[in-house]
1. Computed FRET efficiency, Cβ-Cβ of residue 174 and residue 2, R0 41 Å: what is it to the nearest 0.05?
2. Going by how many other beta carbons lie within 10 Å of each one, how would you line up 98, 270, 215, fewest first?
3. Please work out, to two decimal places, the log10 of the ratio I(q)/I(0) at q = 0.09 Å⁻¹ from a Debye calculation in which every Cα of segment 49-194 carries one identical scatterer.
4. How much length is gained on full extension from residue 260 to residue 191, taking 0.36 nm per residue of separation minus their Cα-Cα distance?
5. Once you put a point 7 Å from the Cα of residue 137 and another 7 Å from the Cα of residue 53, both along the Cβ direction, what distance in nm separates them?
6. In nm, give the distance between the simple-model label positions of residue 164 and residue 297, each being 7 Å from the Cα along the Cα-to-Cβ direction.
7. Roughly how many nanometres apart are two label points built 7 Å out from the Cα toward the Cβ at residue 94 and residue 235?
8. Classify segment 141-292 as rounded, prolate or oblate from the Cα gyration tensor: take a ≥ b ≥ c as the square roots of its eigenvalues, call it rounded if a/c is under 1.5, otherwise prolate when a/b beats b/c and oblate if not.
């Protein structure tokens, strides 16, 4: 059974200043998603599921899905604020999405096979999809047998501002903990730093492994996510900025002995467009990859 690719594309792109998922960054108007889909197809993925906002559907189907119709089966699911477990009602003043793990949960009705999760606006590279597809195709004898691709934090920074990353502790090739840090940036000495929950500034070695939301799960992940989200809402339903992140659920499962997460490495280099000022550098990198023959002039 071929694995599925779940693309998280419901973000507003507020720091970037627009719908960066549709920004034509590559030669011939390619978006970053085009590269991910192209790499996923040639790495052996069999279906792509997109998580989007429902008010974005018409444009998404016309501009995005139409180009993939002859290349790979696709599905669209919607992330909305009111998609909550029974017994919960979204507060009227809530405007912020419920977070990345809530977005994953939207795929439950259309995913029945091992699946990879990626961000729509991140470039992961061909080898990243290859190692993920190979791992997802491995036979599994139990639930909670997951994986992720780690990148070095020094290769994922932006000169234009702070970034959010899942900072990982890894031992013997397996994930021990992952903590979502929402404001990692450079200090005046160009060291990589963040402020922890106690208000203390912490330094990160550039080689520190971080999650860029490229996870590999099996469908049992949905079951635990549903339970965990209901528990999360009991304490956070009235907190307008509280988000249900992937690392929260993964950590819970590992702590309870319900999951192990194999950490995969890749030869590819990540890049992306967190801020508008990042755009020029991404355009240059993509043009170089085409010039080197990594991608054809027309991918779809």
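1. Working: r = 25 Å, r/R0 = 0.62.
FRET efficiency, residue 174 to residue 2: 0.95.
2. Details: 98 23, 270 18, 215 26.
Ranked by crowding around the Cβ, least crowded first: 270, 98, 215.
3. Treating every Cα as an identical point scatterer, log10 I(q)/I(0) equals -0.40.
4. On the way: separation 69, 0.36 × 69 = 24.84 nm, distance 3.19 nm.
So the extension gain works out to 21.7 nm.
5. If labels sit at residue 137 and residue 53, their model points lie 3.8 nm apart.
6. 4.0 nm
7. With each label placed 7 Å out from Cα toward Cβ, I get 1.7 nm.
8. Values: a/c = 1.79, a/b = 1.38, b/c = 1.30.
Because a/c hits 1.5 or more and a/b exceeds b/c, segment 141-292 counts as prolate.
Here, each number is a calculation from the coordinates, and none is a lab measurement. What you see is a predicted model; the values in this text were computed from it and never measured. Don't worry about glycine lacking a Cβ; one is built from the backbone with ideal geometry, like all the others, and counts go over all protein chains shown.
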